[in-house]
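K.L.:
My questions will all concern the structure given below.
The values are calculated or read from the model by the stated rules, or taken from the named source; none is laboratory data. Computed from a predicted structure; not experimentally measured. So basically every Cβ, Gly included, is an ideal-geometry build from the backbone, and we count neighbours across all protein chains shown.
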Amino acid sequence: MAGSHRRRHAGSGASARTTRTRIAVIVGVGAAVVGAAGFGAYSLLEDDEAEAGGNTLSAQASSDPVKTGPPGPREASRAAAEFLTAWAGGQTETAAGLTDDRKAALAGLTSYRKDAGVERVKLTPGPADGTRVPFSVDAQVTFEDTVKPWAYTSALEVVRDEKTGDVEVAWDPSLIHPKLSEGERLRTGSREAPPIRALDRTGAELDPEKYPSLAPVVADLRERYGAKAGGKAGVKVWTESAARKKNEKDDKDDDKAAAPETLLVLSKAKPGTLTTTLDADVQETAEAAVAKQGGAALVALKPSTGEILAVANQTGNGFNTALQGTLPPGSTMKVVTASMLMDKGMAAPDEPHPCPRYKAYGGWQFENVGDNSFTIQGGTFAESFTASCNTAFISMAEKLENDDLTKQARDVFGIGLNWQTGVTTFDGAVPVQSGVEMALSLIGQGGVRMNPLTMASVSATAKAGVFKQPHLVPQSFDGRQFATAPKSMKTSTAQELRELMEATASYGTAAGAMSGLTGQVGAKTGSAEMGGQEETDAWFTAYRGDLAAAATVPNIGHGGEFAGPLVRDVLAAHGG
């Protein structure tokens with residue numbers, strides 16, 4: 001700032017200086033100006049001459065010429081000492097009036113006390129270097145019951161007002177602290193929620209370094225449960241941009257603003273401890289499985305309880321597709337559609353069911369294409385399900401009400417019931433649609449949106465015969481209310497649905513992935529078309545004993561070939 005000059009802002013004219021009480025200070029090297037809260041004292045005089053010749057820091061009489069040119073070292077030292085004395089003494093308005101920008105200085109100095117929590121401060125000026133005056137700061141920062149000393153050095157610049165000839169401090173946020181820039185302020189408090197040690201169901205620590213997929217999960221648990229789990233947040237002093245404001249809708253920081261910088265740690269954080277439903281062994285297998293396919297995501301859970309055992313992602317962008325993805329699930333949705341048709345008496349495994357090559361509906365010509373390029377003449381519903389015949393399901397659209405699938409998904413499978421899992425999740429969407437979109441919903445396209453969590457839950461509901469809300473934090477920890485489905489499938493439907501899924505795993509489209517697995521094994525494949533992609537998204541959902549899992553792999557092809565092996569790895573190691 002040496003040699004720079006800024007004009008005084010409105011409201012800080014020379015007339016105010018002519019009557020201002022002068023504060024006597026020691027100008028020599030090492031002199032200290034201190035706060036009124038116990039570090040020292042200062043005296044007040046009515047007048048104090050500055051430089052030789054009788055000039056003072058106040059405006060000259062109107063008959064005297066206005067002094068020009070940069071301030072000399074003595075003027076700079078005296079102006080700096082006067083400003084520092086007022087600042088240290090808590091005379092914020094007086095100190096602000098000694099600068100060339102009273103409004104900005106008043107805001108900055110007020111924030112120093114209020115936002116940074118500086119209750120006492122000692123300011124010691126050094127010798128002036130031209131118009132620059134360095135000074136040391138010995139402050140005491142207080143936040144609630146935490147108190148800590150804070151020492152650092154800074155500097156200020158002294159300039160002369162062109163109109164009045166007065167010497168004043170050039171206001172800049174960096175004089176409060178060298179790390180402070182224009183548009184920033186100091187803040188003291190807890191910037192983050194208390195840290196948390198997430199444990200699996202057996203007490204093993206779930207370290208995100210070992211289980212990378214759990215990084216967003218543990219971060220979410222920290223925000224929700226850090227304090228409830230017995231943790232204590234750390235207290236810091238940091239720089240904060242005025243642009244870094246919380247978004248009122250999503251309570252997130254504005255990423256366009258400069259990142260905060262910690263300047264002082266008053267107290268370190270203490271982690272809390274939370275036992276989850278996750279299983280470290282299943283999680284390890286799931287992590288290894290998704291590592292085989294870029295972009296893959298997988299969830300495993302217990303059908304009998306809804307406890308989530310593993311959450312794994314290989315997305316590469318940090319997004320938790322496994323729990324928060326909003327994707328069309330393709331033919332894995334036929335598990336829900338089949339249960340609806342059987343509940344309504346519109347289909348049964350051993351009864352004839354059409355599977356034509358083409359089916360027109362709502363002005364759209366549907367066709368079994370690719371791997372489904374076939375016609376089953378005189379086939380049964382079981383054959384259509386195990387072969388994943390699209391037209392067999394589309395042909396039912398003309399017999400259904402627009403909200404039938406929505407009701408089945410919500411009332412029987414719990415889709416969209418605002419699950420209280422303990423972490424942030426998307427709990428599926430099956431909107432009421434009409435025409436072509438309704439028909440597409442029957443095969444997991446249209447407006448249907450799912451993720452591995454919801455599709456693992458679909459298999460779990462099929463296996464258990466009743467919806468158990470998935471959860472990652474035990475209900476006993478915080479007593480939150482779980483979502484419950486209004487009704488269950490008919491007993492006969494649940495049995496027949498398992499038969500269809502087990503047949504699919506034995507000799508249908510899922511047989512390749514499920515080959516060799518023992519016990520009660522059921523599955524369904526899916527391939528979902530996504531706009532702008534060359535290939536379909538691969539989907540697979542299955543159960544084995546009291547373990548259900550689902551996976552998706554984007555833009556790759558058939559579900560049985562690419563997503564199925566990932567689910568198989570988990571079921572083979574931990575199902576049965």
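K.L.:
Of the conditions (1) within 41 Å of the chain's Cα centre (by Cα); (2) closer than 23 Å to Thr552 by Cα; (3) of a type in the set (S, T, N, Q), Asn402 satisfies every one except a single condition; which number is it?
P.N.:
(2)
K.L.:
Just to be sure I understand the filter: pairs with C-beta atoms under 8 Å, separated by 6 or more residues or on different chains, first member in region 75-100 and under 17 Å from Ala139 (Cα atoms), second member basic (Lys, Arg) and assigned to a helix (DSSP H, G or I). Which pairs pass?
P.N.:
Gly90/Arg113; Thr92/Arg113
K.L.:
Continuing with the same structure: In region 325-345, what count of residues is obtained for those that are part of a helix (DSSP H, G or I) and of a type in the set (Gly, Ala, Ser)?
P.N.:
4
K.L.:
Additional query: I need every pair where a residue in region 370-394 that is among the acidic types (Asp, Glu) has its Cβ under 6 Å from the Cβ of a residue that is at pLDDT below 95 and assigned to a helix (DSSP H, G or I), sequence separation at least 6 or different chains.
P.N.:
Qualifying pairs under 6 Å: none.
K.L.:
Consider region 484-510. How many of its residues are farther than 20 Å from Leu298 by Cβ and touching a helix residue (DSSP H, G or I) at 6+ places or on another chain (Cβ under 9 Å)?
P.N.:
18
K.L.:
Looking at this structure, is Gly512 in contact (Cβ under 8 Å) with a residue 40 or more places away in the chain and buried (at least 22 other Cβ atoms within 10 Å of the Cβ)?
P.N.:
So Gly512 fails the test.
K.L.:
Within region 392-401, which residues are of a type outside the set (Phe, Trp, Tyr) and surrounded by 15 or more Cβ atoms within 10 Å (Cβ to Cβ)?
P.N.:
Ala392, Ile394, Ser395, Met396, Ala397, Leu400
K.L.:
Residue under question is Ala322, and the condition is that it be surrounded by fewer than 24 Cβ atoms within 10 Å (Cβ to Cβ) and either in a helix (DSSP H, G or I) or not charged (D, E, K, R) (or both); does it hold?
P.N.:
Against the criterion (surrounded by fewer than 24 Cβ atoms within 10 Å (Cβ to Cβ) and either in a helix (DSSP H, G or I) or not charged (D, E, K, R) (or both)), Ala322 does not qualify.
K.L.:
Looking only at region 332-352, which residues are touching a strand residue (DSSP E or B) at 6+ places or on another chain (Cβ under 7 Å) and surrounded by fewer than 24 Cβ atoms within 10 Å (Cβ to Cβ)?
P.N.:
Hits for region 332-352 are Pro349, Asp350, Glu351, Pro352.
K.L.:
What residue, of Gly447, Gly378, is assigned to a loop (DSSP other than H, G, I, E, B), modelled with pLDDT under 95, surrounded by fewer than 24 Cβ atoms within 10 Å (Cβ to Cβ) and assigned by TED's automatic domain parsing to the domain that holds Leu301? Step through it out loud before you land on a result.
P.N.:
Numbers: Gly447 fails: modelled with pLDDT under 95.
Within the list Gly447, Gly378, the selection yields Gly378.
K.L.:
Identify all residues within region 310-319 that are surrounded by 24 or more Cβ atoms within 10 Å (Cβ to Cβ) and more than 24 Å from His558 (Cβ to Cβ); write none if there are none.
P.N.:
Within region 310-319, Val311 is the sole residue that qualifies.
K.L.:
Residues being touching a Phe, Trp or Tyr at 6+ places or on another chain (Cβ under 8 Å) and either surrounded by fewer than 23 Cβ atoms within 10 Å (Cβ to Cβ) or more than 24 Å from Asp101 (Cα to Cα) (or both): count how many of those fall in region 140-159.
P.N.:
The qualifying residues number 5.
K.L.:
Find the residue count for region 499-545, including only residues that are more than 23 Å from Gln445 (Cα to Cα) and outside any strand (DSSP E or B).
P.N.:
16
K.L.:
Take Asp411 and tell me if it is at pLDDT 95 or above and surrounded by fewer than 21 Cβ atoms within 10 Å (Cβ to Cβ).
P.N.:
Criteria met by Asp411.
K.L.:
Shifting gears a bit: Taking the condition assigned by TED's automatic domain parsing to the domain that holds Leu156 and out of contact with any strand residue (DSSP E or B) (no Cβ under 6 Å at 6 or more places or on another chain), does Leu106 pass?
P.N.:
yes
K.L.:
If you scan region 106-146, which residues turn out to be part of a strand (DSSP E or B) and within 17 Å of Ser174 (Cβ to Cβ)?
P.N.:
Result: Val118, Val121, Leu123, Pro125, Asp129, Arg132, Val133, Pro134, Phe135, Ser136, Val137, Ala139.
K.L.:
If I filter region 549-576 down to residues being of a type in the set (Gly, Ala, Ser) and crowded, with 24+ Cβ neighbours inside 10 Å, which single residue comes out as farthest from Met455 (Cα to Cα)? Steps first, please.
P.N.:
Of region 549-576, the ones of a type in the set (Gly, Ala, Ser) are 549-551, 557, 559-560, 563-564, 572-573, 575-576.
Retained after the next criterion (residues that are crowded, with 24+ Cβ neighbours inside 10 Å): 549-551, 559-560, 563-564.
On the way: Ala549: 8, Ala550: 6, Ala551: 8, Gly559: 13, Gly560: 15, Ala563: 13, Gly564: 13 Å.
Once the filter is applied, the top-ranked residue is Gly560.
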